[in-house]
Each structure stands twice: as structure tokens, then as C-alpha cells.
Amino acid sequence: MRLVQILGPGCPKCEQLKKNVEQAVAASGVEAVVEKVTDINQIIAFGVMVTPAVVVDGEVKSVGKVLTPEDAAKLLQ
Amino acid sequence: MDSQGMGSPVSCQCGSAPKLVFACSGAADVGKLADLAARELSAEGVGRMFCLAGIGGRVSGIVETTRSAQAILAIDGCPLDCAKKTLENAGFQQFAYIRLSDLGFEKGKTTVSQQAVSTVVAQGKALLAAE
């Protein structure tokens, strides 16, 4: 089971990214939990200063972009 | 480094991406000067000081945040160019650059005064304004 975390305070871009990642997970068939991280201190703890960001199994994969479902799927491979 | 040192708060990309400042922060007097200038640029809101060690250590959050930056400024104290090489080794090729020895600050012979810091800060402001 993979853990995908969406870092962001909850703005429309962050919400869109979460939807796109969930769509990517569903389409890929990868077993993954997608969770949102809105706490600023937790976001900073990843070394991230720009949101939205995507973290897969503890590694930051993307910062400052609303990935398309297709691009998000590449992060799950 | 604590969260304050990371230059919080976090920027949402609904606004503009930050301009990031990296200093060699080396052991010599010019390293201290580079560090203080970067901190002042950060305090004045010209850019945000970020962790060069995180780039060297390939900390994913720091590397990816840097990739998303609007502009990058590196400040080296001496011609060893450690900050520049650290960024380049991590794949960053385009960034504004200050080498303090080019401004007349000689390693081992530099007094780290407010005037010296202001000189470097002025140079940093000019470079970041052009980015």
C-alpha cells in the first residue's frame, strides 16, 4: 500500500490536485491511500515552501504544480 | 534547521513562486558575510534564504521547492564556489550569482561589518530585481 500525501492549505489548486491524484490512483490500479496535509508545520517539515506538493511514500515528488491525472500517474510507477 | 529558519510561511502557488537565496555560509569570514547578506535579503523580503545543505543532501522537498522557484540567487564567499557547484551538481544551471571575492572581499582579511553586509545585499537586490 502506497501513501500519497497532498500538501497544501486547502486552496482551489490544492483541491484540484487531490482530485487529479485520486483519479490517477483509480486509473492505475495501484493500491494507495491519498491524504491531505494542511498543517503548515508538517508541510515545512518536508522541506517544502511552495504548495501544492505531492509526496509519495515520504519522498517529495512535485512542488508548486497542479499535475494532470496523467502526470500524477507517472509518480505512482 | 527549525521552521523559522526555513523562512516560513509556505507560499501557495495561487500566488507567485518565491525567489530563493542560497549562501555558502562557509567557515571563513567571507562565508559569514555571505550568510548574513542572505539572511538580510530574506528579512527584507527580497528573496527567501533556503538551505544549501538540503541541496547537497538531495533532500527531496528542498530540491523540488528550488525547482519551482521563480529565481535563484547563490552567494559564494571565495573562489572555491561551493554554493555554485552544489547547485550545479544538483542540476540547477540558471541562477544569479555573487562571488564576494569579486566584490573585493578577501578571504581571511574581511571585516564582517554592517557596511559590508549592505554592499552584498545591494548587489543581491539588483540581481534579483532583474530575474
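The values are calculated or read from the model by the stated rules, or taken from the named source; none is laboratory data. The structure presented is a predicted model; accordingly, all values stated were derived computationally and were not measured. Heads up, the Cβs are rebuilt from the backbone with ideal geometry, glycines too, and the neighbour counts pull from every protein chain shown.
Could you tell me whether the range B:23-44 includes any residue that is in contact with a Pro (Cβ under 7 Å, 6 or more places away or on another chain), surrounded by 15 or more Cβ atoms within 10 Å (Cβ to Cβ), more than 22 Å from A:Phe46 (Cβ to Cβ) and without any contact (Cβ under 8 Å) to a residue 60 or more places away in the chain? Please lay out each step first, then the result.
Filtering the range B:23-44 down to residues in contact with a Pro (Cβ under 7 Å, 6 or more places away or on another chain) leaves none.
The answer is no; no qualifying residue exists.
Every residue in the range B:102-124 that is small (Gly, Ala, Ser) and within 11 Å of B:Leu33 (Cα to Cα), please.
At the first step, the residues of the range B:102-124 found to be small (Gly, Ala, Ser) are B:104, B:108, B:113, B:116, B:118, B:122, B:124.
Those that are small (Gly, Ala, Ser) and within 11 Å of B:Leu33 (Cα to Cα): B:Ser113, B:Ala116, B:Ser118.
Against the definition (at pLDDT 95 or above, touching a helix residue (DSSP H, G or I) at 6+ places or on another chain (Cβ under 9 Å) and part of a loop (DSSP other than H, G, I, E, B)), how does A:Leu67 come out, yes or no?
When the stated conditions are applied, A:Leu67 passes them.
Residues in the range A:1-29 that are more than 12 Å from the chain's Cα centre (by Cα) and either closer than 14 Å to A:Val63 by Cα or surrounded by 15 or more Cβ atoms within 10 Å (Cβ to Cβ) (or both): how many?
Selection size over the range A:1-29: 3.
I'd like to know if the range A:60-72 contains one or more residues that are in contact with a Phe, Trp or Tyr (Cβ under 6 Å, 6 or more places away or on another chain) and more than 13 Å from B:Val10 (Cα to Cα).
Scanning the range A:60-72 turns up at least one residue that is in contact with a Phe, Trp or Tyr (Cβ under 6 Å, 6 or more places away or on another chain) and more than 13 Å from B:Val10 (Cα to Cα).
Please work out which one of (1) within 21 Å of B:Ala17 (Cβ to Cβ); (2) more than 10 Å from chain B (Cβ to nearest Cβ); (3) aliphatic (A, V, I, L, M) is the condition A:Val63 fails and give its number.
The single condition A:Val63 does not satisfy is (2).
How many residues does the range B:64-79 contain that are buried (at least 20 other Cβ atoms within 10 Å of the Cβ), more than 7 Å from every other protein chain (Cβ to nearest Cβ) and under 20 Å from A:Ile43 (Cβ atoms)?
Going through the range B:64-79 one residue at a time, the tally reaches 2.
Name the residues in the range B:98-131 that are of a type in the set (Lys, Arg) and either buried (at least 20 other Cβ atoms within 10 Å of the Cβ) or not in a loop (DSSP other than H, G, I, E, B) (or both), would you?
Correct list: B:Arg99, B:Lys125.
Is it the case, given these coordinates, that B:Leu87 is at pLDDT 95 or above and outside any loop (DSSP other than H, G, I, E, B)?
It is true that B:Leu87 is at pLDDT 95 or above and outside any loop (DSSP other than H, G, I, E, B).
Can you find a residue that is touching a residue at least 60 places away in the same chain (Cβ under 8 Å), of a type in the set (S, T, N, Q) and either closer than 30 Å to A:Val56 by Cβ or crowded, with 16+ Cβ neighbours inside 10 Å (or both) anywhere in the range B:87-94? Steps first, please.
Within the range B:87-94, the subset touching a residue at least 60 places away in the same chain (Cβ under 8 Å) is B:87.
Filter again for of a type in the set (S, T, N, Q), leaving none.
Scanning the range B:87-94 turns up no residue that is touching a residue at least 60 places away in the same chain (Cβ under 8 Å), of a type in the set (S, T, N, Q) and either closer than 30 Å to A:Val56 by Cβ or crowded, with 16+ Cβ neighbours inside 10 Å (or both).
Can you find, within the range A:7-53, the residue that is farthest from the other protein chains (Cβ to nearest Cβ) among those that are over 20 Å from B:Lys19 (Cα atoms) and of a type in the set (Ser, Thr, Tyr)?
Ranking the qualifying residues of the range A:7-53, first place goes to A:Ser28.
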